[in-house]
Amino acid sequence: MLTVGLTGGIGAGKSEVSQLLVERGAVLIDADRIAREVVEPGTPGLAAVVEAFGEEILAEDGSLDRPRLGALVFNDPDKLATLNSIVHPLVGARSRELEEAAPEDAVVVHDVPLLTENGLARLYDVVIVVDAGTGTQLDRLVRLRGMSEEDARARMAAQATREQRRAVADIVIDNDVPLDALERRVKEVWADLVRRAREPRPE
């Protein structure tokens, strides 16, 4: 098994790359999706979040009101740390379960948005960074996701810099390119990952 950490700044196109890798046979473990699953209604995760922040962070149907919780923790480092101390261990445990269930010869791609920020590069055999210029990111966030330019710039500024991400990368995929060029690059990267997965590991 080869474990891959896939990351990139908001709007860089990481989801597109992860989908192209899945089409070629990768097993995808999506940290964002798992983070939503572990706080669904009825889970110990949601109970712990409610205990920490109160029932006002629940929607009428009993699910987590994400915008309300986000507004509560976004500008409060202590509250954010509390939330992370609840959610991150649950995400880590579920990710390990999914990885252990994958075939022995699999290329397992962990989609981890904050890999660089949380110092997680060492957890993976290979780190892939999807990189795009600031202008490209901004255009995608405003045009495709409907964000205001101010909100988009704030979200980008809250993440690691391009230089910080590239510093932890074993492989960089440039996504300032048309889709056909991206597909060719991902095909090359996939061949490299398969080769690495088949190499004998040192004892």
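The values are calculated or read from the model by the stated rules, or taken from the named source; none is laboratory data. This is a predicted model, so every value here is computed, not measured. Glycine gets a Cβ as well: all are built from the backbone with ideal geometry, and neighbour counts include every protein chain shown. Heavy atoms of the whole protein, side chains included, go into the accessibility calculation; ligands, DNA and RNA do not. Shrake-Rupley method; radii C 1.70, N 1.55, O 1.52, S 1.80 Å.
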Exercise. Which residue pairs have Cβ atoms under 6 Å apart, sit 6 or more places apart or on different chains, and have a first residue in region 109-134 that is closer than 17 Å to ARG162 by Cβ and a second that is open to solvent by less than 40 Å² (accessible area, probe 1.4 Å) and of a type in the set (Lys, Arg)?
Worked result: THR116/ARG165; VAL129/ARG165; VAL130/LYS14
Exercise. Are there any helices (runs of 4 or more DSSP H) wholly within region 119-184 with 2 or more residues that are of a type in the set (Asp, Glu), modelled with pLDDT under 95 and open to solvent by 70 Å² or more (accessible area, probe 1.4 Å), and if so which?
Worked result: 149-157
Problem set entry | Residue check for GLU104: in a helix (DSSP H, G or I), over 17 Å from the mean Cα position of the chain (by Cα) and not aliphatic (A, V, I, L, M) | no
Exercise. Are any of the residues in region 76-83 within 27 Å of GLY146 (Cβ to Cβ), part of a strand (DSSP E or B) and open to solvent by 30 Å² or more (accessible area, probe 1.4 Å)?
Worked result: no
Exercise. Can you name the number of the only condition in (1) open to solvent by 70 Å² or more (accessible area, probe 1.4 Å); (2) not in a helix (DSSP H, G or I) that PRO67 fails?
Worked result: (2)
For this session: Taking SER95 as the residue in question, decide whether it is touching a strand residue (DSSP E or B) at 6+ places or on another chain (Cβ under 6 Å), of a type in the set (S, T, N, Q) and at pLDDT below 95.
Result: yes
Exercise. Within the group THR3, THR7, which residue is open to solvent by less than 20 Å² (accessible area, probe 1.4 Å), closer than 23 Å to ARG155 by Cα and at pLDDT 95 or above?
Worked result: THR7
For this session: Determine which single condition ASP30 fails, assuming it passes every other condition in (1) touching an Asp or Glu at 6+ places or on another chain (Cβ under 6 Å); (2) farther than 25 Å from ASP151 by Cβ.
Result: (2)
Exercise. In region 10-35, what count of residues is obtained for those that are modelled with pLDDT under 95 and open to solvent by 50 Å² or more (accessible area, probe 1.4 Å)?
Worked result: 4
Exercise. Is region 90-100 home to any residue that is surrounded by fewer than 18 Cβ atoms within 10 Å (Cβ to Cβ), under 12 Å from the mean Cα position of the chain (by Cα), touching a residue at least 60 places away in the same chain (Cβ under 8 Å) and under 19 Å from LEU28 (Cβ atoms)?
Worked result: no
